[in-house]
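Below: one structure, written as structure tokens.
The values are calculated or read from the model by the stated rules, or taken from the named source; none is laboratory data. Predicted, not measured: the structure shown is a model, and the values here were computed from it. Please note: Cβ atoms are built from the backbone with ideal geometry, for glycine as well, and neighbour counts cover all protein chains shown. Surface accessibility is based on the protein's heavy atoms, side chains included, excluding ligands, DNA and RNA. Shrake-Rupley method; radii C 1.70, N 1.55, O 1.52, S 1.80 Å.
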2 protein chains.
Amino acid sequence: MRITDMHITPIAVGDPPLLNAAGLHAPYALRIIVELVADDGTYGLGEVPGSSGTLASLEASREIVVGKDPFQLNAIRQGIDKRFGKEEIAARGEAHLAFGRVSQVHSAVEVACYDLMGKATGRPVVDLLGGRVRDRVDFSAYLFYKYEGAGGALGFGTDPNATGWAAARQKAALDPAGVVAEAQAMCDAFGFKSIKLKGGAFPPDEEADAILAMYEHFGPGTPLRLDPNAIWSVETSVRIGERLKGILEYYEDPCRGQAEMGEVGRRTGIPMATNMCTTSFDHIPGSVQHHSEDIILSDHHFWGGLRSTLELSRICQVFGRGLSMHSNSHVGISLAAMTHLAGAIPNLTYACDTHYPWQSDEVIVGGKLQFEDGSLAVSNEPGLGVELDRDALAKLHQQYIDCGLTDRNDAIEMQKVQPGWEFQPLRW
Amino acid sequence: MRITDMHITPIAVGDPPLLNAAGLHAPYALRIIVELVADDGTYGLGEVPGSSGTLASLEASREIVVGKDPFQLNAIRQGIDKRFGKEEIAARGEAHLAFGRVSQVHSAVEVACYDLMGKATGRPVVDLLGGRVRDRVDFSAYLFYKYEGAGGALGFGTDPNATGWAAARQKAALDPAGVVAEAQAMCDAFGFKSIKLKGGAFPPDEEADAILAMYEHFGPGTPLRLDPNAIWSVETSVRIGERLKGILEYYEDPCRGQAEMGEVGRRTGIPMATNMCTTSFDHIPGSVQHHSEDIILSDHHFWGGLRSTLELSRICQVFGRGLSMHSNSHVGISLAAMTHLAGAIPNLTYACDTHYPWQSDEVIVGGKLQFEDGSLAVSNEPGLGVELDRDALAKLHQQYIDCGLTDRNDAIEMQKVQPGWEFQPLRW
């Protein structure tokens, strides 16, 4: 079995005006869809966050990937590592292809290889990862502070005819009452049982107030999480932590740095979670040294793929870390990959994050995957169990060209609303 | 695909009178062959060290394994863990089934599942582990101090008609000259390029003399290793280490304990290796704390199988450990599994240990696997690439019954030669 072609398609999917520490989401989120074509007539799909650097890196990896057997994951990984190694980059004068892209490139290619392997063996991807430990994967309600509007084709306008979640998704949520309303609407629509609030947008006490308002509204049976994206000081993190102790399921990246996170955990006694201070295998020794977190929010796009995430899950067992999943804005290929992976990890015991409800565009046949009771079924179909809607892909690629965005920059979007706004890595 | 039957066959294979810190090898080494039969008419093979406890544990695991799909490795693993968990053991009153057997039970079953999966998908096992990073796997010459004789059907007698390695294998090796002669004969017969001496049998300086004699004989291009099986004190380990610094490729378990091993490494500057102080995932935090070794000698039989060993390989990368492989006396099923596994691990960069040349009995069709130039090819056949010789299996099972051994006990064998001999965990 040989990979005969690799199609790399950048797309733009509508994204609402969501606020975070880095600024404001643009009306479109960028993704890249990778399709590997095999000589047996099948194809495999992968997806990663879109950027000009990742796009160029994926293009540069084509010479490694095409011609390979999709089962030869180690050879593909070694080839990609070498292709983006310092020597090769220097020899080719390609300083724009940073080695930091390797994990994302490998992730997209590896997921597409698993899709091909699954189709070749008649097995769902989960079976090639050791088999399912659960039939359904729980996801969490991922709340944002947001301005009014929907993003995408509507720009930051709203659709007056929208109903249900589509209507709720267009409303502003800028204070505790708005956050509670958003949470209730999202849980009503998808059945989520855990709730995460992306913070870092408003003064810390306002965000703590929003968490406390949700606690009052939903009661103690609904796990709550707060993620200020590391722009609080240790002292602020501790002070707010004291307000939220016993309320938060976990406290996600309130401050920056492994030592600092460890200190907040020790001083507050709240379980700490991260997708910012421990984000690669190189960070594991520091994580052990500082006990920087109790829960690692894995992301196969950033950790190098599905196999790497299984290896991470063992490291979490060994060092007493819990495991959950981080998410960016994405479409159904990434969601399917996340679901197969989560279905195969015994110690992934937290509901996974996903931005998926915020996006309405989709590239898979049949449209968006449907949550039931806050969870997705682990597919039994061969491979990922999703097929490519080529018309939808063409439309979203055209949207990518038309919108003119090539890299995510939430600061620029924020400056359109608040002139002069600047990202502050230590804001409060 | 379903596993419909599980055949568990204890066997005894001839083993020469090899010396080690625990005493003397019996004339037979014990192994257990596991055959999983699937509903598609195929079978998969696994092999583990034989003992009455492992035999009973494998029998007890049958109810978990039969009926399962071999791709459902996680479900099988969880079922075995639960079957041997404290609650289940207490509820059934089966105190003889220690949880410590779980890794070996799981290893045998998992390897047999991989063999089945390989046959079902038409892929060699290496391809189900991420694919080959090398076409051949290097093994080392595994030397022992030994008494004269061959073991097995000859008891501790010798065959006067034997030639080549079979004749050399029957000679005594009790001093530096004997060790050098054994090393030369083994390297001549199999082409090994690295040499390990199992020590712990004679006073430390005599064993250091043997290493120095080999260094003189083979020259600096032949990596040398010494393994006293942890019966030396820290001070003895340091003193002998100073004699062997610059001579040893690695210093394997001279003393007992992670802190102690770490101290010897720091004081001598010699790379330390272990299959005794860091032998399970539970030991990894201590290994990190003490830097107890530089190289982990993995063994899929003890670490819980092939997938677990891949996870260990990532941990070794993360914490700057090298990786090699430990061995007990074994036949071709374990050797095939080791070879597929080693073929798929990028950072397994040392020649692997194997006792295989010491055994002449075999259960696989075609007889013993053949080393060429000190290495074995990673098979391209579906599954492990070895088939069961059922006549040979029956003969070696009868040998097991006839020899009367049910557990390895090197001390008892030693006492037959040296009455009153007792194992001393800290001997020198």
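For segment A:148-245, the average shadow cast by the Cα convex hull is 6.8 nm², which is a quarter of the hull's surface. Computed log10 I(q)/I(0) for segment A:101-179 at 0.21, 0.23, 0.25 Å⁻¹: -0.89, -0.99, -1.12, from the Debye equation with unit scatterers placed on every C-alpha and solvent omitted. With a 1.4 angstrom probe, the accessible area lost at the A-B interface totals about 2500 Å².
Per residue of peptide B:317-326, the mean number of Cβ atoms on other chains within 10 Å of the residue Cβ is 2.
Our analysis of segment A:284-428 gives Rg over Rh at 1.03, with the two radii drawn from alpha carbon positions and Rh computed by the Kirkwood formula. Binning the alpha carbon pair distances of segment A:181-229 at 5 angstrom intervals from zero yields the distribution 5, 20, 32, 25, 14, 4, expressed in whole percent.
Any idea what the relative contact order of segment B:147-190 is, in percent, if you count C-alpha pairs under 8 Å spaced at least 6 apart?
For segment B:147-190, the relative contact order is 34 percent.
Seen from a random direction on average, the alpha-carbon convex hull of segment B:222-329 projects onto 6.6 square nanometres.
The DSSP beta bridges internal to segment A:128-377 are antiparallel in roughly 20% of cases.
Note on chain B: the alpha carbon radius of gyration divided by the globular reference 2.2 N^0.38 Å gives 0.94.
Could you work out the local net charge near B:Gly46, counting Lys and Arg as +1, Asp and Glu as -1, over the other residues with Cβ closer than 11 Å to its Cβ? Cβ neighbours under 11 Å give a net charge of -3. With a Förster radius of 30 Å applied to the beta-carbon distance between A:Asp282 and A:Thr349, the computed FRET efficiency rounds to 0.75. Using bins of 10 Å that start at zero, the share of Cα-Cα pairs per bin across segment A:41-124 amounts to 18, 50, 25, 6, 0, in whole %. If each Cα of the protein assembly as shown is one equal point scatterer, what is log10 of I(q)/I(0) from the Debye formula at q = 0.05 Å⁻¹? Relative scattering, expressed as log10 I(q)/I(0), comes to -0.31. Highest mean first, the peptides B:104-111, B:396-403, B:151-158 sorted by other C-beta atoms within 10 Å per residue fall in the order B:104-111, B:151-158, B:396-403.
Report, to the nearest whole %, how much of the accessible area of segment B:128-377 belongs to carbon and sulfur atoms, 1.4 Å probe, protein only. Taking all protein chains in place, segment B:128-377 shows 50 percent carbon and sulfur surface.
Net charge within 13 Å of A:Asp209 by Cβ-Cβ distance, Lys/Arg positive one each and Asp/Glu negative one each, not counting A:Asp209 itself?
Cβ neighbours under 13 Å give a net charge of -4.
In chain B, helices alone account for a calculated mean residue ellipticity at 222 nm of -12000 deg cm²/dmol, with every DSSP H run of four or more residues adding -39,500 (n - 2.57). Protein-only accessible surface at a 1.4 angstrom probe places the residues A:Ile89, B:Ile345 in the order A:Ile89, B:Ile345, largest first. Legend: calculated FRET efficiency, B:Ala95 to A:Glu216, from the Cβ-Cβ distance at R0 = 56 Å, rounded to 0.05, equals 0.60.
Give the Debye-formula value of log10 I(q)/I(0) at each listed q (0.19, 0.30 Å⁻¹), with one equal scatterer per alpha carbon of segment B:1-63, two decimals each. Results for segment B:1-63 at q = 0.19, 0.30 Å⁻¹ read -0.75, -1.20. In this assembly of identical copies, the label point of B:Trp421 (Cα plus 7 Å along Cα-to-Cβ) is separated from its counterparts by 7.9 nm, sorted shortest first. Distance from the C-alpha centroid of segment B:365-428 to that of segment A:393-424: 66 Å, rounded to the whole angstrom. Local charge for B:Gln170 was computed over the other residues whose Cβ lies under 15 Å away, with Lys and Arg +1 and Asp and Glu -1, and equals -1. Under conditions of 10 °C and 1.306 mPa s, segment A:57-106 yields 146 µm² s⁻¹ as its translational diffusion coefficient, taking Rh as the Kirkwood radius over Cα pairs in the Stokes-Einstein equation. Seen from every direction in turn and averaged, the convex hull around the alpha carbons of segment B:1-150 projects onto 11.1 nm². Contact residues in segment A:68-89 by the 40 Å² criterion (accessible area, 1.4 Å probe, full protein complex versus chain alone): A:Phe71, A:Gln72, A:Asn74, A:Gln78.
Shape descriptor for segment A:128-377: Rg over Rh equals 0.96 (Cα atoms; Rh from the Kirkwood inverse mean 1/r).
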